[in-house]
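The values are calculated or read from the model by the stated rules, or taken from the named source; none is laboratory data. The structure presented is a predicted model; accordingly, all values stated were derived computationally and were not measured. A quick note on method: Cβ atoms are made from the backbone with ideal geometry, for glycine too, and the neighbour counts reach across all protein chains shown. Note: accessible area is taken over every heavy atom of the protein model, side chains too, but ligands, DNA and RNA are not part of it. Shrake-Rupley method; radii C 1.70, N 1.55, O 1.52, S 1.80 Å.
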Amino acid sequence: MAELRINSQAFFHNLRLLANHVGSKEKVAVVLKDNAYGHGLLEMALLCKEAGIASAFVKNEAEAIRIAPYFESVTALYGDVESKSPANVWVALHSLEQIRRIPKGRSVELKVDTGMNRNGIMEEELFVALEAIRAQGLILCGVMAHNGYGDELGSEFFSQQRRFEGVRARVEEYVREHGLPRPRFHALSSSGALRSNSIQDDLVRFGIAIYGYLCAHPLVVGEIGLRPVLSLWARRIATKSLSKGARIGYGGKSELEEEAKVSTYDVGYGDGFYRLNERHKLFTAQGERILPRVSMDCLSVVGEREEVCLMEDVSELARLFDTIPYEVLTRFSPFLKRVVI
């Protein structure tokens with residue numbers, strides 16, 4: 001049976017690197033959204049608990065409820081949260097309308113748009129939002145932004161950080177005036193944190209870096225020694241001894257240049273692997289050619305191993321399909337078995 005293997009030591013290694021950079025493990029929050037970037041929500045949550053991580057961020061309430069027992073707080077980045085959800089499930093607020101929908105007494109984190117122009121209230125709405133949160137009887141636990149320029153060269157990254165500093169100052173003044181607890185502040189993701197020499201935020205939301213990747217321009221963030229956490233393994237279905245000139249798979253697009261043994265394995269694009277065709281060239285981690293075209297439920301490899309590692313680093317597959325590691329990772333089917341090693 002095909003499986004994704006989750007390397008716990010690689011995860012702990014990455015966590016140590018990131019905690020050292022930001023100053024302490026207490027400032028590290030882990031983003032486990034979208035089935036933990038394909039790694040398995042529960043599997044990664046348990047590793048986070050073992051590592052002593054207190055805060056997690058997920059896509060929605062459904063993901064938050066599944067892992068709530070393992071964290072002090074789990075913030076649902078999108079959607080609302082019902083009153084019956086565990087008290088440590090927090091909700092990110094993106095609009096004034098959403099504030100009025102959240103049940104009284106829920107813990108919330110206010111998202112402020114500092115220039116990405118995607119989600120969150122506008123800066124000029126900040127006072128109105130804070131008043132609405134207080135009037136609704138919500139508990140303001142955090143104020144957040146998302147600096148969308150952490151991967152890029154240029155000055156916009158620093159401009160957004162300055163804008164968030166202004167937001168923080170205004171919120172701190174507001175809570176002092178009204179005798180409210182100071183919320184936590186955070187705006188940085190993986191690349192933004194790693195390009196910063198001094199982290200002023202109370203925590204950093206680490207996503208892709210925890211899993212062993214960065215997508216930043218190399219002049220922004222250099223090589224820091226992250227290790228990929230996930231590898232994809234497939235089991236052999238059948239092996240055939242084929243002669244030179246034999247054609248394989250749909251359309252016969254692979255043609256053997258010499259006699260060889262060719263095996264099929266139980267992974268295909270239905271599992272989230274990309275549909276390699278005759279324009280692509282990819283090898284297993286053991287160096288054997290993966291033959292096009294990949295089918296829905298299986299693929300062919302020159303060789304006869306009982307199992308093959310189709311990839312232990314998704315970067316090459318991402319390059320072949322002109323995308324980023326995020327997309328490759330999050331495509332993996334939730335029905336693929338995840339095994340922590």
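Test Leu18 against the stated conditions and say whether it is touching a helix residue (DSSP H, G or I) at 6+ places or on another chain (Cβ under 8 Å) and open to solvent by less than 60 Å² (accessible area, probe 1.4 Å).
It is true that Leu18 is touching a helix residue (DSSP H, G or I) at 6+ places or on another chain (Cβ under 8 Å) and open to solvent by less than 60 Å² (accessible area, probe 1.4 Å).
May I ask you to list pairs of residues, at least six apart or on different chains, whose Cβ atoms are under 9 Å apart, with the first in the range 218-235 being over 28 Å from Glu307 (Cβ atoms) and the second being at pLDDT below 95 and among the aromatic types (Phe, Trp, Tyr)?
Matching pairs, first to second residue: Val220/Phe157.
Could you please let me know if Ala209 is touching a residue at least 60 places away in the same chain (Cβ under 8 Å) and not in a loop (DSSP other than H, G, I, E, B)?
Yes: the conditions hold for Ala209.
Restricting attention to the range 68-77, does a residue exist that is farther than 20 Å from Leu203 by Cα, modelled with pLDDT of 95 or more and surrounded by fewer than 19 Cβ atoms within 10 Å (Cβ to Cβ)?
Yes: the range 68-77 contains one or more residues that are farther than 20 Å from Leu203 by Cα, modelled with pLDDT of 95 or more and surrounded by fewer than 19 Cβ atoms within 10 Å (Cβ to Cβ).
Rundown of residues vs (1) hydrophobic (A, V, I, L, M, F, W, C); (2) in contact with a strand residue (DSSP E or B) (Cβ under 6 Å, 6 or more places away or on another chain); (3) in contact (Cβ under 8 Å) with a residue 60 or more places away in the chain; (4) under 30 Å from Leu41 (Cβ atoms), yes/no style:
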position	(1), (2), (3), (4)
Gly251	no, no, no, no
Glu257	no, no, no, no
Asn277	no, no, no, no
Gly287	no, no, no, no
Asp313	no, no, yes, yes
Ile324	yes, no, yes, yes
Thr330	no, no, yes, yes
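Considering only strands (runs of 3 or more DSSP E) fully contained in the range 1-66, which possess at least 3 residues that are of a type outside the set (Val, Ile, Thr) and out of contact with any Pro (no Cβ under 9 Å at 6 or more places or on another chain)?
3-6, 55-58
Taking the condition assigned to a strand (DSSP E or B), on the phi < 0 side of the Ramachandran plot and touching a residue at least 12 places away in the same chain (Cβ under 8 Å), does Lys240 pass?
yes
Of all residues in the range 184-227 being touching a strand residue (DSSP E or B) at 6+ places or on another chain (Cβ under 9 Å) and over 23 Å from Asp113 (Cα atoms), which is surrounded by the fewest Cβ atoms within 10 Å (Cβ to Cβ)?
By that ranking, first place goes to Gly212.
Out of the residues in the range 135-180 that are hydrophobic (A, V, I, L, M, F, W, C), in contact with a strand residue (DSSP E or B) (Cβ under 7 Å, 6 or more places away or on another chain) and in a helix (DSSP H, G or I), which is farthest from His217 (Cα to Cα)?
The selected residue is Val171.
For the condition without any contact (Cβ under 8 Å) to a residue 40 or more places away in the chain, open to solvent by less than 30 Å² (accessible area, probe 1.4 Å) and either more than 20 Å from Val58 (Cβ to Cβ) or touching a Lys or Arg at 6+ places or on another chain (Cβ under 6 Å) (or both), what is the one hit in Val167, Val128, Val171, Val175?
The unique qualifying residue is Val175.
State whether one or more residues within the range 48-65 are open to solvent by 10 Å² or more (accessible area, probe 1.4 Å), over 20 Å from the mean Cα position of the chain (by Cα), of a type in the set (Ser, Thr, Tyr) and modelled with pLDDT of 95 or more.
no
Could you tell me how many of the residues in the range 79-94 are under 23 Å from Ala145 (Cβ atoms), in a loop (DSSP other than H, G, I, E, B) and either in contact (Cβ under 8 Å) with a residue 24 or more places away in the chain or among the acidic types (Asp, Glu) (or both)?
Final tally of qualifying residues: 3.
From the list Arg134, Arg205, which one is touching a Ser or Thr at 6+ places or on another chain (Cβ under 7 Å), modelled with pLDDT of 95 or more and within 30 Å of Val89 (Cβ to Cβ)?
Arg205
Looking at the range 212-221, can you tell me whether even one residue there is part of a loop (DSSP other than H, G, I, E, B), at pLDDT 95 or above and among the hydrophobic types (A, V, I, L, M, F, W, C)?
no
Given the conditions (1) open to solvent by 10 Å² or more (accessible area, probe 1.4 Å); (2) in contact (Cβ under 8 Å) with a residue 60 or more places away in the chain, and given that Gly142 satisfies all but one, which numbered condition is not satisfied?
Evaluating Gly142 over (1) open to solvent by 10 Å² or more (accessible area, probe 1.4 Å); (2) in contact (Cβ under 8 Å) with a residue 60 or more places away in the chain leaves (1) as the failure.
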